[in-house]
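The values are calculated or read from the model by the stated rules, or taken from the named source; none is laboratory data. Predicted model only: the values in this text are computed from it and were never measured. Cβ placement follows ideal geometry from the backbone for every residue including glycine, while neighbour counts extend to all protein chains displayed. Accessible surface areas use protein heavy atoms only, side chains included; no ligands, DNA or RNA. Shrake-Rupley method; radii C 1.70, N 1.55, O 1.52, S 1.80 Å.
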Amino acid sequence: MSEDTAAKKELAAIKGTRDILPGEVEKWQALEALARTTFELYGFRELRAPVFEATELFEKGSGATSDIVTKEMYTFTDKGGRSLTLRPEYTPSVVRAIVEHRLDLEGAPMRYYYMGPMFRYDKPQKGRYRQFHQVDIEVFGEKDAAVDAEIIEMAHALLGKLGVAGTETLVNSVGCRACRPAYSAALRQAAAARRADLCPDCQRKAETNPLRIFDCKVEACRTIAAAFPSIQDFLCQECRDHFRRLLACLDALGIPCRIDPRLVRGLDYYTKTTFEIVSSHLGAQNALLGGGRYDDMMKDFGGPDICGTGFAMGIERVLSMAEIAVPKRKTVYLAHLGEEARMAGLELARWLRSNGVECLVEYKDRGMKAHFGRANKLQADWVLIVGENEMKSGRFALKDMATGRQVDGPREELLALLRTN
RNA sequence: GUGAGUGUAGCUCAACGGUUAGAGCAUCGGACUGUGGAUCCGAAGGUUGGGGGUUCGAUUCCCCUCACUCACCCCA
């Protein structure tokens, strides 16, 4: 008894994870297929990296002060004493793969996409899971802001195909190594001046990463932060040109967006462009997709000085808003009557399947009524009857469940009928 | 990590502190051994998340714990 409840508890999916069952999984498959075909239209290729990496990769890549690294990583020691981490994001893995395989020397466009699970030890809530799934794309070696615009447009194209409506696109520039320090200093100064009036969390941020004060939802902090200097006033010439060009390209592509000077992304490595596509219908976790440019990351890894830009899309979040019409599949229910017919049905089903017809056989003994009841239950489109009469004559009965029309004939004839309907 | 809300059958939900915790849907069987969706009959399914307490008596009230949900934080 108590063993049962204990067993039940132990067998439950881990907090923050969930099963994707038949009925729902078709939408995932549809999304994945649409993402693939869309990205490949833009010249992207799939790059699959392992789900776990050396912990160090993320510590270096995602920024040692980020929340992701400091408190959200699934880190463990393997039997060889190595510290490994289930990836909390994908970008560092791609960068590692490029450096490791010297993909930059191949001459092929460095445009990669990937979809798969990510892991963060967060407290679960609406739109936030510990194992969640992202579609991730990255472009390397393109300095031009036009590519930032191109991928934002690509994101729009995909969301459009997925039937996601009512989104807003936010863009910003967070500057570069040349201009951000001055801005950070100004911000830090402004924050220090009002330190006493900030919430404890922001007092901490004022020292570690003052940009993030803009993220705070405390009303007092927001009003104080509103008076802080804006990054836009501190951008160096290069960053300002880049941002201007981004806006021009987005305009040329017909992508409406809003400049949000307070848009800062959670990862430390971003430079210049950052963007986010949000929806108000998602609850507190309103970002469907977020990304930006990271021009220094590869170099920081000891690789070549190659810039990068990309985004990650949350599959769970997008799916909660997507309107995907999953095409109904046509299936044949094979009804057999008697032991011999069951054997013959088995072979007939094999033959149909080898000819590309989806076909279900259940081996339970049923009367005709029960077979039809079952076929209805399963929403089969056809019932194929195999009984004594059929075996003798070699002609099988095939009934269209929607119209009630029934025909009989040799199996080749029925196959032709199944294929044309 | 912090806060709030919710835990009753596979699902959606009932049951004033008081008989053996019920219903709809779903499942299985029968009416129904060569032709479906309907209908009718029946069965199975629960330590009321778990533990403790108050009480003659707890699904109901109190405490603890766990899980889920939402929010903070953070982010996809």
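Only one residue in A:Glu138, A:Glu168, A:Glu106, A:Glu153 is within 21 Å of A:Met297 (Cβ to Cβ), open to solvent by 10 Å² or more (accessible area, probe 1.4 Å), assigned by TED's automatic domain parsing to the domain that holds A:Gln29 and not polar (S, T, N, Q). Which one?
On the way: A:Glu138 fails: open to solvent by 10 Å² or more (accessible area, probe 1.4 Å); A:Glu168 fails: within 21 Å of A:Met297 (Cβ to Cβ); A:Glu153 fails: within 21 Å of A:Met297 (Cβ to Cβ).
Checking each option against the conditions leaves just A:Glu106.
When you scan the stretch A:108-128, how many residues do you find that are under 13 Å from the mean Cα position of the chain (by Cα) and within 19 Å of A:Thr91 (Cβ to Cβ)?
Let us first name the residues in the stretch A:108-128 that are under 13 Å from the mean Cα position of the chain (by Cα), namely A:113-119, A:127-128.
Filter once more, so that each one left must be within 19 Å of A:Thr91 (Cβ to Cβ): A:113-119.
Qualifying residue count, the stretch A:108-128: 7.
Do any strands (runs of 3 or more DSSP E) entirely within the stretch A:227-323 hold 3 or more residues that are among the β-branched types (Val, Ile, Thr) and farther than 14 Å from A:Thr167 by Cβ, and if so, which? Steps first, answer last, please.
Working: elements: A:271-279, A:287-293, A:308-314.
In the stretch A:227-323, the matching strands (runs of 3 or more DSSP E) lie at A:271-279.
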Taking the stretch A:397-410, which residues are more than 8 Å from RNA strand B (Cβ to nearest atom) and hydrophobic (A, V, I, L, M, F, W, C)?
A:Leu398, A:Val407
How about the stretch A:52-67: which of its residues are of a type in the set (A, V, I, L, M, F, W, C) and either modelled with pLDDT under 90 or surrounded by fewer than 17 Cβ atoms within 10 Å (Cβ to Cβ) (or both)?
A:Ala54, A:Ala64
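Taking the condition over 27 Å from A:Ile324 (Cβ atoms) and open to solvent by 40 Å² or more (accessible area, probe 1.4 Å), does A:Tyr74 pass?
Values: over 27 Å from A:Ile324 (Cβ atoms): yes; open to solvent by 40 Å² or more (accessible area, probe 1.4 Å): yes.
Considered against the rule, which asks whether it is over 27 Å from A:Ile324 (Cβ atoms) and open to solvent by 40 Å² or more (accessible area, probe 1.4 Å), A:Tyr74 comes out as yes.
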Mind listing whichever residues of the stretch A:286-305 are open to solvent by 30 Å² or more (accessible area, probe 1.4 Å) and under 16 Å from A:Leu263 (Cβ atoms)?
A:Asn286
Report whether or not A:Gly107 is at pLDDT below 95 and within 14 Å of RNA strand B (Cβ to nearest atom).
no
Selected residue (criterion: farthest from RNA strand B (Cβ to nearest atom)) from residues of the stretch A:216-225 that are open to solvent by 80 Å² or more (accessible area, probe 1.4 Å) and assigned to a helix (DSSP H, G or I)
A:Thr223
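Matching residues to (1) over 21 Å from the mean Cα position of the chain (by Cα); (2) at pLDDT 95 or above; (3) of a type in the set (A, V, I, L, M, F, W, C):
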| position | (1), (2), (3) |
| --- | --- |
| A:Thr37 | no, yes, no |
| A:Leu41 | no, yes, yes |
| A:Glu72 | no, no, no |
| A:Thr75 | yes, no, no |
Note on the stretch A:337-347: residues more than 18 Å from A:Leu418 (Cβ to Cβ) and open to solvent by less than 30 Å² (accessible area, probe 1.4 Å) are A:Ala341
Report yes if A:Lys377 is exposed (fewer than 12 other Cβ atoms within 10 Å of the Cβ) and near RNA strand B (Cβ under 8 Å from one of its atoms), otherwise no.
yes
Matching residues in the stretch A:7-32 - criterion: being surrounded by 11 or more Cβ atoms within 10 Å (Cβ to Cβ) and free of Cβ contacts under 8 Å to residues at least 40 places away in the same chain
A:Ile20, A:Glu24, A:Val25, A:Gln29
Report the residue count in the stretch A:191-215 for those that are in a loop (DSSP other than H, G, I, E, B) and more than 13 Å from RNA strand B (Cβ to nearest atom).
1
Residues of the stretch A:203-240 being closer than 21 Å to A:Asn286 by Cβ and either modelled with pLDDT of 85 or more or of a type in the set (A, V, I, L, M, F, W, C) (or both), which ones?
A:Leu211, A:Ile213, A:Phe214, A:Cys216, A:Val218, A:Cys221, A:Ala225, A:Ala226
